[in-house]
1. Taking the stretch 169-210 on its own, how many of its residues are assigned to a loop (DSSP other than H, G, I, E, B) and under 18 Å from Gly267 (Cα atoms)?
2. If you take the residues in the stretch 324-340 that are more than 20 Å from the chain's Cα centre (by Cα) and in contact (Cβ under 8 Å) with a residue 60 or more places away in the chain, which one is farthest from Pro143 (Cα to Cα)?
3. Among the residues of the stretch 355-364, what is the count of those that are touching a Lys or Arg at 6+ places or on another chain (Cβ under 8 Å) and assigned to a helix (DSSP H, G or I)?
4. Here are some residues: Asp58, Asp128. Which one is more than 18 Å from Arg327 (Cα to Cα), over 16 Å from the mean Cα position of the chain (by Cα) and of a type in the set (D, E, K, R)?
5. If I ask for residues that are of a type in the set (Phe, Trp, Tyr) and either in a helix (DSSP H, G or I) or over 15 Å from Cys136 (Cα atoms) (or both), which ones from the stretch 249-305 would you list?
6. Looking at Lys65, Lys100, which is the one that is within 24 Å of Asp364 (Cβ to Cβ), among the basic types (Lys, Arg) and at pLDDT 90 or above?
7. Within the bounds of the stretch 254-268, is there any residue that is farther than 30 Å from Thr361 by Cβ, in contact with a strand residue (DSSP E or B) (Cβ under 8 Å, 6 or more places away or on another chain), of a type in the set (Phe, Trp, Tyr) and touching a residue at least 24 places away in the same chain (Cβ under 8 Å)?
8. Would you check which residues across the stretch 145-168 are assigned to a loop (DSSP other than H, G, I, E, B) and under 17 Å from Pro285 (Cβ atoms) and list them?
Amino acid sequence: MLRNVLPNIARPALQSRAATTLSAGLAGVTQRTSAKKYGGIYTVTLIPGDGIGAEITDSVKEIFKHVNAPIEWEQYNVSGMSSEGEELFKQAVESLRRNKVGLKGILFTPISQSGHVSWNVAMRQQLDIYASLVLCKSLPGVPTRHKDVDFAIIRENTEGEYSGLEHQSYPGVVESLKVSTRAKAERISRFAFDFALKNNRKKVTCVHKANIMKLGDGLFLNTFRRVAEEYKSSGIEYNDMIVDNTSMQLVARPTQFDVMVMPNLYGAIVSNIGAALVGGPGIVPGCNVGTEYALFEPGCRHVAEDIKGTNRANPAAMILSSTMMLRHLGLDNLANNIASATFGVVNGGKVRTADMGGSATTSDFTAAVIKNLS
């Protein structure tokens with residue numbers, strides 16, 4: 001199972017529930033006979049990604065080497081900077097099909113019309129990695145405007161505005177198709193309620209724009225409400241909120257949120273707001289999961305091309321995402337050790353990268369985590 005995402009050290013003193021667990025009903029790799037494990041070693045697909053990806057995944061590799069983690073990497077240096085990497089992308093996807101588990105940085109997606117499709121989206125659609133999970137939680141060592149922020153963002157990954165179906169019907173007129181299906185709305189809604197149930201969360205909020213997109217988002221909202229009725233006996237509360245109001249409420253009073261579930265585009269926006277609330281993309285872990293595959297990556301998707309190669313990136317989000325991966329593999333003790341060491345560095349406040357208001361390098365942060373390992 002995916003579980004115990006973050007250890008007790010990450011929890012504020014007044015927080016009693018295990019807000020940092022992840023157990024949404026996905027069978028762990030140790031429960032799958034098709035998982036690639038030989039001699040106690042797990043083979044994991046590694047895609048460093050663009051921008052700072054190589055630097056922050058190197059941090060993970062260095063830490064894993066120090067603790068002798070039983071992980072063997074199949075690394076694919078896929079880049080989204082050009083369409084020339086399509087063959088390498090296909091090889092990476094095949095590696096994920098074999099291994100079932102991957103660790104990934106963020107792949108750049110071009111904006112220009114001549115650019116290729118998003119490798120990130122293509123990977124999720126081809127492998128049906130339908131649920132994105134991002135954990136936004138205040139940390140004592142990261143001063144922010146709001147305290148005690150603690151919510152999970154669950155995003156449908158495979159349809160909606162990210163369907164990629166658009167065309168120019170007439171010069172200057174573009175039609176873009178947003179696909180919404182009851183089956184996938186139900187699947188992601190159940191994922192959200194199962195997550196809440198298994199992690200002692202108390203409320204699930206559906207984020208939508210059904211007041212305008214009455215059919216598409218209306219279907220998502222009505223499906224959510226129907227699924228919510230089935231979980232009534234569990235005591236989990238539920239409500240819904242229009243996405244623009246959600247954005248304002250997040251900035252004004254984020255502690256009202258617990259678990260949030262939403263279609264694809266809204267999740268991309270809300271996860272960025274959530275990251276900003278707790279200190280930025282450098283400390284927010286995440287994962288993308290489906291029935292068969294699990295892909296772990298930072299929760300806030302920024303390639304940070306502007307600081308690439310400068311040794312200034314904060315590797316915490318990638319390190320914490322890798323500990324989520326270790327728990328998924330059943331390596332809980334190892335995951336707890338690395339996560340505790342990482343939070344010890346963040347909360348200690350002595351080694352801070354630029355995004356946390358300090359001048360420490362990526363290497364400094366990595367070395368501090370290794371020093372903190374028990």
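1. Qualifying residue count for the region: 4.
2. Here the residue is Leu334.
3. Residues in the stretch 355-364 being touching a Lys or Arg at 6+ places or on another chain (Cβ under 8 Å) and assigned to a helix (DSSP H, G or I): 1 in total.
4. Result of the check over Asp58, Asp128: Asp58.
5. Of everything in the stretch 249-305, those that are of a type in the set (Phe, Trp, Tyr) and either in a helix (DSSP H, G or I) or over 15 Å from Cys136 (Cα atoms) (or both) turn out to be Tyr266, Tyr293, Phe296.
6. Lys65
7. yes
8. Matches in the stretch 145-168: Val149, Asn157.
The values are calculated or read from the model by the stated rules, or taken from the named source; none is laboratory data. Just so you know, these numbers come straight off a predicted model, no measurement behind them. As a convention, Cβ positions derive from the backbone with ideal geometry for all residues, glycine included, and neighbour counts pool all protein chains shown.
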